[in-house]
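A.B. asks: A single structure is presented below for examination.
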């Protein structure tokens, strides 16, 4: 099957509408005179024909006028052939038989629907995106796709689904090199923009910005995943506490030895280390106990 080459926008310099409007207004006295003459008794046939031709010509000339507003364009098609695109704002005139299609050049903002899809780990998640786009090539937008607004909507949903299936929601093992949807937002945003741009190039659409607007586990596993996240957070916090406590105990023993505050044998050193770890790692404030006996009783 042969592949049709994409359309390409061609600038078109339309004739200023004022150049045509002023001669048309100057012709109105003649048009009025012919109209009055026809209402006379037994008007000459040439006058009647002249009035009909004048009305038809005036209507044709009026059809040729068109406006181009700021950040808008007109795609001109004459007898089925693309003539060009007018991007310059103003008042213009062209062949009355030319079809003049409006194509907006403004930035459009779309918030996609929340879609449910399985991530790379197989967990069902809900994800949505906000995309800002605008028409870059009016010929492609007008001729290469049926409805470029609907085309953008469908491709956004497809790109979001593809992105969600390519990455896990979260990386519980915190391994380097694993890109997750929740933590690596910059890279995920970049990948979403590139994926969208590749899909929308066919329609002549430029992606200005694309970001994840909604990301959550599906309702059926949200509770279980929340418990897992809480457990991971508790374990990570405990690991930090233990690492800090071991460092503090090591520093305390070193300082006691260097300053010769007290001489400890292995048994008392182990007891001191255990007591310090309990104090530093405990979740509650310690209760002091006073020893009124000797060091070993």
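None of the figures in this text is laboratory data; all of them are computed from the coordinates on show. The shown structure was predicted, so the numbers you read here are calculated from the model rather than taken from an experiment. Counting neighbours? That spans all protein chains shown, and the Cβs are built from the backbone with ideal geometry, glycine included.
A.B. asks: Once you place label points 7 Å from the Cα toward the Cβ at residue 237 and residue 252, how far apart are they in nm?
C.D. replies: 2.2 nm
A.B. asks: Another one. Could you list the residues of segment 67-81 with an amide nitrogen less than 17 Å from a label point located 7 Å from the Cα of residue 16 in the Cα-to-C-beta direction?
C.D. replies: Inside the label zone: 67-68.
A.B. asks: Would you mind ranking 213, 13 by Cβ crowding within 10 Å, fewest neighbours first? Intermediate values should be presented prior to the final figure.
C.D. replies: Working: 213 14, 13 9.
Least crowded to most crowded, the residues run 13, 213.
A.B. asks: Taking neighbour Cβ counts within 10 Å as the exposure measure, how do 119, 201, 186, 209 sort from fewest upward? Walk me through the intermediate numbers first.
C.D. replies: On the way: 119 21, 201 16, 186 7, 209 13.
The order, fewest Cβ neighbours first, is 186, 209, 201, 119.
A.B. asks: To continue, here is another question. Plugging the Kirkwood radius over Cα pairs into Stokes-Einstein for segment 108-217, at a temperature of 20 °C and a viscosity of 1.002 mPa s, what D comes out in µm²/s? Intermediate values should be presented prior to the final figure.
C.D. replies: Details: Rh = 14.3 Å.
This corresponds to a translational diffusion coefficient of 150 µm²/s.
A.B. asks: Also, quick follow-up: By counting other Cβ atoms within 10 Å of each Cβ, how are 211, 199, 8, 74 ranked from fewest to most? Present the calculation step by step, with values, prior to reporting the outcome.
C.D. replies: Working: 211 13, 199 19, 8 10, 74 24.
Least crowded to most crowded, the residues run 8, 211, 199, 74.
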